[in-house]
Amino acid sequence: MLTLGCTLPPRVATVRVFNRPSAETARPMPLEAMETPEAFVLFAELPGLTREDIEVQVEREEVRIRAQREPSVLADAKPLLSERLRGPWVRRFALPQAVAPERAEARYTNGVLELRLPKMQAEPSRRLTVN
């Protein structure tokens, strides 16, 4: 469940993902976060980008999504109207449970980034022999 809590000016929001604080830039990057028994699944809306424009870093308990869109440039053209968002977007947030970064998967389709973050399996306890 994604819970929003705006404590900063309207263009910069502090967001809670999985009931933990998240950092967000002034640029919107709508997220949807879900949990299955095996993994966390995140969907981030990033329309109009290419795969090369997106960078994802996954650590055991934190995810960082960074995207960059450069302005459109045409030779001998001057801008008349510019409403498309450009520049950097960054979202960083803590996960409620450790994940296995080496098994994480990212897919970008139709402007939506999907992240599958498998949860770390609890290692079974082991009985030690005392020498």
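Only the coordinates and a few stated rules stand behind these numbers; no lab work does. It should be emphasised that the depicted structure is a prediction, and the values quoted were computed from it without experimental measurement. Virtual Cβ from ideal backbone geometry, glycine too; neighbours counted across all protein chains shown.
Looking at 83, 102, 70 in this structure, which one is over 15 Å from the mean Cα position of the chain (by Cα), exposed (fewer than 10 other Cβ atoms within 10 Å of the Cβ) and under 27 Å from residue 36 (Cα atoms)?
The match here is 102.
For region 105-131, name all the residues that are more than 16 Å from residue 29 (Cα to Cα), of a type outside the set (D, E, K, R) and surrounded by fewer than 10 Cβ atoms within 10 Å (Cβ to Cβ).
Once the filter is applied, which keeps residues that are more than 16 Å from residue 29 (Cα to Cα), of a type outside the set (D, E, K, R) and surrounded by fewer than 10 Cβ atoms within 10 Å (Cβ to Cβ), region 105-131 yields 121, 122, 124, 125, 128, 129, 130, 131.
Report yes if some residue within region 79-89 is within 27 Å of residue 61 (Cβ to Cβ) and of a type outside the set (Lys, Arg); otherwise report no.
Checking region 79-89: at least one residue is within 27 Å of residue 61 (Cβ to Cβ) and of a type outside the set (Lys, Arg).
Which of the residues that make up region 44-64 are under 13 Å from the mean Cα position of the chain (by Cα) and farther than 27 Å from residue 122 by Cβ?
44, 45, 46, 54, 55
Which count do you get for residues in region 76-112 that are out of contact with any helix residue (DSSP H, G or I) (no Cβ under 9 Å at 6 or more places or on another chain) and touching a residue at least 60 places away in the same chain (Cβ under 8 Å)?
13
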